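None of the figures in this text is laboratory data; all of them are computed from the coordinates on show. In this text, all values refer to a predicted model and were calculated from it rather than measured experimentally. All Cβ positions, even for glycine, are placed from backbone atoms using ideal geometry, and neighbour counts span all protein chains on display.
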Amino acid sequence: MATEIDGGTRKDAGSRGGGMFFPFPSLPWFPSVFFSLSLLPVTALAASKHAQPLAPGNVTAPANLSSATVVAASTATPSSDKVYEDVRMLLEILADIRQDYVEKTDPRALLYGAAEGMVRRLDPFSQFLEPQANQDLKTETKGEFGGLGVRVTAEGDWLEVITAIPDTPAFDAGLLPEDRILAIDGVSTKGMSNWDAVGKLRGKPGSDVALLVSRRAEDGGESRFTVTLKRQEIKIRTVDTSVSDDHIAYLRVVEFNAKTPEDVLRALKRDGKKGATSLILDLRNNPGGLLDAAVKVAGFFLPAGKLITYTEGRNPLSRVEYRGEGAPTSIDWPMAVLANENSASGAEIVAGALQDNGRAVVIGERTYGKASVQSVIPLANSCALRLTVAHYYTPKGRLIQRDEKKHTGGISPDITVPVPESERDKLFRQWELVYAKGKSPRSAVKKQDQVPDDALDMADSILRARAALMRLGAGRG
C-alpha cells in the first residue's frame, strides 16, 4: 500500500518492495520521492584527477563537460584502453538491436537502460536519473511543489484520503479522512497507478483541478460531490510538535528538506513559550534528506563550531568537516533522541552528533546505517547521475555506513528499547496525524487500537525523573 502526498510516494510500513527512486531492499517504508539521501553538489567530474573537494550548496553542473572528458582521455592507461573496447562492445550491441531485433526499439530508452544497469552495479544508492526522476528529486529536496495538499493512499481500486494538510486547498475545501477520490478532471481513478494519480493532482500553481469525491454517510450510505480546487505551492510538512503537562516538548522530524531547519526553530520557539523545559527529538522512521538541513538542525542544540560530521572517500579531497552554527537563542534543554532501525542518513548524522558530543541520550534501536555522500552530476537531456563519492562519520570517528559482515555501522542507542515485529506497522500508522477543519489533529489509528510506545515512554520517564532530581537538589541547596 502506497501513501501519496500530492504525488510524493511514501511506502507504507505494511507495504513491500523498493521505492521508485531510492531502492532500500530491506527498508520497505522508505519514501520513494521523499529523498532519503544526503546530497552534495559536484564541482568537477569524478573522472578527472583534478576533482575539487565537495561542499554543500546548490547542485551545479561542471563548467565544461567536454573539457572534463578531454582530461579523462588524456590520462588514459592500458586498463582504460580496455574500458574503451568494452564501450565499443556496448555500441555494437546497440547497433545489433536496432538492426535485427524483432520489434522496433527506442535507442534512447535502450541507452537509459544501459546506464541504469551500470550504476546499479555500484551500490543500492547510486542512481541514473531520467529527466522526470531528476525533476522530481529537485522538487522534493526544495520542499515545495504545486499541488492540493492532500495525502492519499490506494485502497482497493480507488484513492482514499488519509488527511488534508492544514492551510492548503484540500484542507480549505473540507476534504476529510476516508473520502474517496473517484475522478480527477473527469478521468476515473479506478485502477489508476499512484504515479498517474500524482501527475494529475500536481501541476502549475494557480491552475484548477476538479475532483469527484465520495463520502460515507453516518447511516452507511454514500454522497458524491465535485469540488474544484486551485493548485498552490505546497510546503512539505516535516515537523510535528507538542508540549506535555510535565513541560516536555515532543518534536518529531519526519525528514530533512530545505524548509526543515526553519520549521524546527519555529517549533522550538513556540514550545518554549508554552513552558517547555526539556525535549524529546523523535527521528524514528526519518530517512534523512539534505545534508545542510541535518547539520543545521543538529547545530541548534550544540555550541557554534562543534563538529557535526565529516566525510571521507577514496579521493583525499573528499575529506570535509561540517560544523554547527548554533541557534539564534540558546537551546540548552535536557534532551532524549528516539531512533529506530528505519532512521537513516541525515537522521543518523543528527543522532550521532548529539550522542558523541554528550548532548542527548539516544533511545530505541540501532539505526539503519545509511551514510553515503551523494553527488548529483547533471548530464545531457536533463538527466543526472547520483553517485556515491564518500561516507559519513560521527564526530568521534564512527563510520555510520552499515557493514553486515563486520556487524558495524548505524548509531547504537544508549538505551535499547526493542519493538516487537508485530507492533512495528501499528506504531508507524499511529504516528500519522490526520486533520479535519475545526478539529484538533489526531492519530490515524483510533485510541483503543493503539499499541504502547515503549521508547517514547522511556524517554518521557527519564526526563521527568531528571527534572524531579533537579528540583530535589535545588530544594536542598
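Separation of the alpha carbons by more than 21 angstrom is noted, of 296/426; 200/235; 204/230; 138/259, for 296/426. Across the range 88-98, rounded Karplus estimates of 3J(HN,Hα) from the backbone phi angles (6.51 cos²θ - 1.76 cosθ + 1.60, θ = phi - 60°) give 4, 4, 4, 5, 5, 4, 4, 5, 5, 5, 5 Hz, Gly and Pro being marked x. Shown here are the Rg and Dmax of the Cα trace of the range 312-362, at 13.7, 40 Å.
In the range 419-477, taking the dipole from charged Cβ atoms about the Cα centre, the farthest positive-side position among 435, 451, 419 is held by 435. Distance between the C-alpha centres of the range 402-477 and the range 347-389: 22 Å, rounded to the whole angstrom. With bins 5 Å wide beginning at 0, the percent of Cα pairs of the range 144-235 falling in each bin runs 3, 15, 27, 29, 18, 7, 2, 1.
Quick one: pull the percentage of alpha-carbon pairs in the range 348-477 with a separation above 17 Å. Can you show the working numbers first?
Numbers: 6191 of 8385 pairs.
Considering the range 348-477, 74 percent of its Cα-Cα pairs are separated by more than 17 Å.
Extension gain for residue 396-residue 228 works out to 55.0 nm (0.36 nm per residue, less the C-alpha to C-alpha distance).
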